[in-house]
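The values are calculated or read from the model by the stated rules, or taken from the named source; none is laboratory data. Remember, predicted model here, so these are calculated numbers, not experimental data. Positions of Cβ are generated from backbone atoms using ideal geometry, with glycine treated the same way; all protein chains shown enter the neighbour counts. What goes into the accessible areas is simple: the full protein's heavy atoms, side chains included, and nothing from ligands, DNA or RNA. Shrake-Rupley method; radii C 1.70, N 1.55, O 1.52, S 1.80 Å.
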Amino acid sequence: MSREGTNIGVKVLLVEDEEKILSLMETYLLAEGYEILTARDGNAAVQLYMESKPDIIVLDWMLPHMNGLDACRRFREMGEPGIIMVTAKTEEMDKIVGLEMGADDYLTKPFSLRELSARIRSLLRRMNRAGSSAQGSVLRRGELSIDEERLQVFMGGQELRLTPTEFKLLHLLASRPGRVFSRMQLLQHAFEEEFVIDERTVDAHISKLRKKLDANPSAYIQTVYGFGYRFGASHEN
C-alpha cells in the first residue's frame, strides 16, 4: 500500500555501491512518495549532502573511496540528518561501532524493502515527535540546558550537537533525575517501534552522549549495573 501522501517533501539519500540493490531501494521508495538522491561512493555522498541536505541517509558500510563509517562521521560534522547504517557485518561490536560514529539505526543485509521503509518511517517519527512534543520550556540541570522548543542542548553555554535519538534519551533521563530507567524502557522511548533491537544499542548511544557532554562519566548519566541508567539527582535544579 502506497504511503505517498505522507512522504512528499521528505528527501532520502541512498548510498550503496551495488547497482542492483540501489535500484531496488530507489524504485520502492519513489513509489512511497519520497524524493530520492543516490550515490555509489562515500565522496559522492558527502558532496550530495552538502548540496541537497537530505532528511534521511541510508548508508552502506562498505563503500569505495570513503567507507560508510568515515562518511557518517562527515555527515555528523555538517549537520544532523537521520542516518540508517546498512551492513553485511553481523557482529554486535560492528553495529555498536556504527552507532558510536553517529548512526541512529542499523539494518543488517539481507533485509526486505518493507523493513527499510518501516525503519525510515520510524526514524522520521522520532525526529518529528521530538519537535512536536516541545512546550517551549528550557530544562536546566546544573550546567546543562535543554531547549525543548528549539531542540538544542547547551553545556556551560556551549551548544552540543545531538542526534534525534541522543536528544530523546537525554531529555527523558534529565526530566526525571534519580529515576532508574532500564535499557528496554529507554529503547522503547527512543525507537517507539516493535523492531527487535539489541539492548546494547542503548549503551552505544549513551556512550556517545557522555562524550558530547564532556563530563565525568557519572556526573550526569549514571550507570546502574545490571539494569540501566539514571540522571544524577545532584543536578536537579
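If you check LEU30, LEU13, LEU37, LEU63, which single one turns out to be modelled with pLDDT under 95, aliphatic (A, V, I, L, M) and touching a strand residue (DSSP E or B) at 6+ places or on another chain (Cβ under 6 Å)?
Within the list LEU30, LEU13, LEU37, LEU63, the selection yields LEU30.
Could you tell me how many of the residues in the range 137-159 are in contact (Cβ under 8 Å) with a residue 24 or more places away in the chain and β-branched (Val, Ile, Thr)?
Final tally of qualifying residues: 1.
If I filter the range 56-89 down to residues being of a type in the set (D, E, K, R), in a helix (DSSP H, G or I) and without any contact (Cβ under 8 Å) to a residue 40 or more places away in the chain, which single residue comes out as least open to solvent (accessible area, probe 1.4 Å)?
That would be ASP70.
If LEU124 satisfies every condition in (1) modelled with pLDDT of 85 or more; (2) over 21 Å from ARG210 (Cβ atoms); (3) outside any helix (DSSP H, G or I) but one, which is the exception?
Failed condition: (3).
Considering the range 146-176 alone, what residues qualify as being out of contact with any Ser or Thr (no Cβ under 6 Å at 6 or more places or on another chain) and open to solvent by 40 Å² or more (accessible area, probe 1.4 Å)?
Once the filter is applied, which keeps residues that are out of contact with any Ser or Thr (no Cβ under 6 Å at 6 or more places or on another chain) and open to solvent by 40 Å² or more (accessible area, probe 1.4 Å), the range 146-176 yields GLU149, ARG150, LEU151, GLN152, GLY156, GLY157, GLN158, GLU159, ARG161, HIS171, SER175, ARG176.
May I ask you to list the residues in the range 175-208 that are in a loop (DSSP other than H, G, I, E, B) and modelled with pLDDT under 80?
GLU192, GLU193, GLU194, PHE195, VAL196, ILE197, ASP198, GLU199
Check whether at least one residue in the range 159-174 is over 21 Å from the mean Cα position of the chain (by Cα), at pLDDT 80 or above and in a loop (DSSP other than H, G, I, E, B), and report yes or no.
no
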